[in-house]
Amino acid sequence: MAGKIYKCLNPTGIQMPAQQFPLAERIDKIDGKTIHLNICGEPDITIRLERKLVAEYPQVNWLIKKTNGIDPVRMSEEEKKTVDAAILGVCW
Amino acid sequence: MIELEKAGIPTILIDFFDQDGFVDSEAQVLGVPKLRYMHAHRIMKGTEDVERFIDEMFDGITRPLTDEERQVGGMWRPDESRILFEGSLEDAEEFYMQAEMNAYQGAPYARYTDGLPIVVPTEERVEAMLKGTSHAPNEIINLQADIPVRAAPEAIGNDPTIHKGEPIRYMPTRRVATVEQVAVNAVMAGCKPEYFPVVLAIAEASAGTGDGRNGQGFIVSGPIAREIGMNFGFGLLGPGNPANITIGRASKLMWRNLGGAVPGITVTSNWGDNPAVNTGFCIAEYAGGLPKEWMGLNEELGYKKEESVLMVTHPGSFGIGQHFMPGVYRALQKDGHGAMARYLGVKGVPGPHNWLDYLCVGLWADREGGITLMMIAEMAQHLVDIGFKTKESVAEYIWKKSFEPVKEYRMRGAPDFATNGWRSIERTSGKPWLELDDDYMVPSGGDSPRANLILVCGGDEETCHRFGGGHGQPYLIDNWR
């Protein structure tokens, strides 16, 4: 005699549907652009990175924000309108 | 980054290689699945590492998109069924215990469990669990009251509140869950239906998933602890009490199943948790043991004595603390004998004596921050008898013991992070950290006395215990009855 068949439920919750977007178009060059450098934590890498970018890439207008925390400092809506690209260093 | 890409700003993320799984998951869930990222090195010197990756970094924002990156679109909608398995109980037990090879761990990792056998969540058992609440099975778990956001102001914008009704997202995968899905996990953990309101309050507290790395536990205060048979006495941190153990376990199953956490894949969690609490942590306050002058935890948190409250805590940071044998404590308080009496200079003088002066020696030697101090009823009464008429006065006394010169505080591990690289304001002085003299005294035991939590629980042996402290976010269990 076959044993009883049970229906057993899924414990994994619901992944909400998400509209998928392509990446933003890349910039063709960095010269003359405003690039946002957003730094979180880990100064051994980021101090060197910030210094190098400012010293060796003066043709770029650097918009730099940094925190020792793990949540990036946000740009204002006005700043977003002027930024051409962004680099986010999350090395906490 | 995701919002910048959506706004048309090209980005590149610098992370570590072992964070890729989490980044991929976040990128998919938030809608930009082809997010570009690259790796910093965990070991290489920063100066060398920058030279190594700088070309790749610029390449990430200048290299034209590939067809694959450009052709992303549509709605991502994972296929998830309510019924996960059909078959005999024996086959179901085996199914739920399946494990997958985890490349980063180099060992199997349970797909639906904490690694221990579970109670198979049949429809019938889940239906029985749902009788433990008045909430509908298909209700999405959501906040039952407004709560403050705990993050730096510059990171969260203008609204410091998460509002009532907001669906709870379980990290690291940002899933949501229905009441029924929480019941599935409660059944698997071995909970009884009468425990379910506590489990639902844990679910409202995002099941302790935090930012995905887990490590949170829960303290229950109020009548429900006694109603459902929680252990707040002898052995409350150990095995044997069905309510404490299974409720705590349910939180870990929710972390695995609702959060989708897989260490090394979707979350960077090096140690996993404190091994003493890795199958869950849920304990209760001993309301009957409180000195009559002291408030219960529920009242401290702004609720009424007859209301049942769940508070989030951090038992993962257990400390050993100052050690003494129960007999040494009794000798101190009875007749002024023994080591504690010698240390306190009260040899031969009957108690009560202030045992906090003994406890606090070296308390912050290896870890700054507040403590949760668990003490038995007798020891709490001794504190009242020598003048600590409130828990707050105990918390403040301990906090004041933690002060040390700035020059010593600057040597600690976490303040580089907590002070935002010493660019923030020191709270007791109201001045910038960098303007303080080396000898200025600052607390290593948290920002305020409220960093400490005083909890009366345990049996009759005269000892205390401690772990990471403070008053965590409370959730009203009664909302889930």
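Every number in this text was worked out from the coordinates using simple rules, so none of it is lab data. In this text the structure is predicted, and so the values were computed from the model without any measurement. Note: ideal-geometry Cβ built from the backbone for every residue, glycine included; neighbour counts use all protein chains shown.
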Exercise for the section: Run the numbers on chain B and let me know its relative contact order in percent, using alpha-carbon pairs under 8 Å that are six or more apart. Expected result: 15 percent
Practice task
Quick one: dipole size for segment B:214-341, taken about the Cα centre, charges +1 on Lys/Arg Cβ and -1 on Asp/Glu Cβ, in debye to the nearest 20.
Solution key: 280 debye
Handout entry: Charge-dipole axis of the protein assembly as shown as Lys and Arg at +1 and Asp and Glu at -1 on Cβ define it, positive-most pick from B:267, B:198, B:429
Key = B:429
Problem - Bins of 10 Å from zero: percent of alpha-carbon pairs in segment B:89-275 - result: 9, 34, 37, 17, 3, 0
Practice task
Could you pull out every one of the lysines with an alpha carbon less than 22 Å from that of residue B:192, ignoring same-chain neighbours closer than 8 positions?
Solution key: A:7, B:131, B:252
Completion exercise
Scalar couplings 3J(HN,Hα) for segment B:407-413 by Karplus 6.51 cos²θ - 1.76 cosθ + 1.60 (θ = phi - 60°), nearest whole Hz, x for Gly and Pro, are 4, 7, 4, 5, 8, 7, x
Practice task
Specify, per residue and in Å³, the volume enclosed by the convex hull of the alpha carbon atoms belonging to chain B.
Solution key: 182 Å³
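How do B:20, A:31 line up, fewest other C-beta atoms within 10 Å first? Don't skip to the end; give the middle numbers.
Numbers: B:20 13, A:31 9.
Ranked by crowding around the Cβ, least crowded first: A:31, B:20.
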Exercise for the section: Please give every one of the lysines within straight-line cross-link reach of residue B:407, meaning a C-alpha to C-alpha distance under 25 Å, and leave out same-chain neighbours fewer than 8 residues apart. Expected result: A:66, B:431
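Take peptide B:114-122, look around each residue's Cβ out to 10 angstrom, count Cβ atoms belonging to other protein chains, and average those counts.
Details: counts 0, 0, 0, 0, 1, 0, 3, 6, 5.
Going residue by residue through B:114-122 and averaging, the value is 2.
Which ordering of B:393, B:429, B:444 is given by a fewest-first count of other beta-carbon atoms within 10 Å? Provide the component values of the computation, followed by the final result.
Working: B:393 17, B:429 14, B:444 20.
Placing the least packed residue first, the sequence is B:429, B:393, B:444.
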Exercise for the section: Report, as an integer, the average count of C-beta atoms from other chains found within 10 Å of each Cβ along B:247-257. Expected result: 1
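Contact order normalised by length for segment B:2-70, with contacts defined as Cα pairs under 8 Å and 6 or more residues apart; what percent is it?
Details: 56 pairs, mean separation 23.8, N = 69.
That works out to 35 percent.
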Handout entry: Environment charge at residue B:368 (Cβ cut-off 12 Å; Lys +1, Arg +1, Asp -1, Glu -1)
Key = -2
Problem - For a label point 7 Å along the Cα-to-beta-carbon line of residue B:414, residues of segment B:362-394 with backbone N under 13 Å - result: B:364-372
Problem - Cβ-Cβ FRET estimate between residue B:423 and residue B:396, R0 fixed at 25 Å, reported to 0.05 - result: 0.35
Handout entry: Relative contact order of segment B:89-275, pairs being alpha-carbon contacts under 8 Å that are 6 or more residues apart, as %
Key = 24 percent
Problem - Degrees separating the helix B:326-335 axis from the principal Cα axis of chain B, which is the longest one - result: 30 degrees
Handout entry: Principal-axis tilt of helix B:391-401 within chain B, Cα atoms, nearest 10 degrees
Key = 90 degrees
Problem - Spatial separation of Cα centroids for segment B:167-234 and segment A:23-92, in angstrom - result: 40 Å
Fill in the blank from the handout: Spelling it out for residue B:284: with amide H atoms placed in the peptide plane at 1.01 Å from N, the residues 5 or more places away or on another chain with amide H under 5 Å from its amide H are B:220
Handout entry: Inter-part distance where segment B:75-144 and segment B:446-472 are each reduced to a Cα centre, Å
Key = 35 Å
Problem - Bridge type composition, segment B:319-478 - antiparallel percent by DSSP, nearest 5 - result: 75 percent
Practice task
Run the quick spin-label model on residue B:107 and residue B:16: label points 7 Å from Cα toward the beta carbon, then report their separation in nm to one decimal.
Solution key: 1.9 nm
Practice task
Calculate the radius of gyration of the Cα atoms of the protein assembly as shown to one decimal place, then report Dmax, the largest Cα-Cα distance, as a whole number, both in Å.
Solution key: 26.4, 85
Practice task
Give me the angle, in degrees from 0 to 90, between the Cα long axis of helix B:20-30 and the longest principal axis of the Cα atoms of chain B, rounded to the nearest 10.
Solution key: 70 degrees
Completion exercise
Neighbour-count ranking for A:83, B:456, B:184 (other C-beta within 10 angstrom, fewest to most) reads A:83, B:456, B:184
Handout entry: segment A:34-90 - charge dipole about Cα centre, Lys and Arg +1 at Cβ, Asp and Glu -1, debye rounded to 20
Key = 60 debye
Exercise for the section: Take every residue in peptide A:22-34, count the Cβ atoms of other chains within 10 Å of its Cβ, and give the average of those counts. Expected result: 6
Practice task
Take every DSSP beta bridge with both residues inside chain B and express the antiparallel ones as a percent of the total, to the nearest 5.
Solution key: 70 percent
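Hey, what D do you get for segment B:2-70 in µm²/s if you plug the Kirkwood alpha-carbon radius into Stokes-Einstein at 10 °C and 1.306 mPa s? Intermediate values should be presented prior to the final figure.
On the way: Rh = 13.0 Å.
Roughly 122 µm²/s, to the nearest whole number.
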Problem - Three principal axis lengths of chain A [C-alpha, angstrom, descending] - result: 81, 31, 23
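Counting only helical runs of four or more DSSP H residues, what would the 222 nm mean residue ellipticity of chain B come to if each run contributes -39,500 (n - 2.57) and the total is spread over all its residues?
On the way: 19 runs with 150 residues, N = 481.
Here the helix-only value at 222 nm equals -8500 deg cm²/dmol.
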Handout entry: Candidate aspartates and glutamates for bridging to residue B:45, where Cα separation is under 13 Å - those fewer than 8 sequence places away on the same chain excluded
Key = A:42, A:44
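Suppose we keep just the DSSP beta bridges with both residues in the protein assembly as shown; what percent of those would be antiparallel, to 5?
Percentage antiparallel, nearest 5: 55.
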Handout entry: Span from the segment B:239-298 Cα centroid across to the segment B:354-369 one, whole angstrom
Key = 25 Å
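Which order do peptides B:291-300, B:243-252 fall in by mean Cβ count within 10 Å, highest first?
Descending mean neighbour count gives B:243-252, B:291-300.
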Problem - Simple Cβ-charge dipole of the protein assembly as shown, Lys/Arg +1 and Asp/Glu -1, about Cα centre, in debye nearest 20 - result: 760 debye
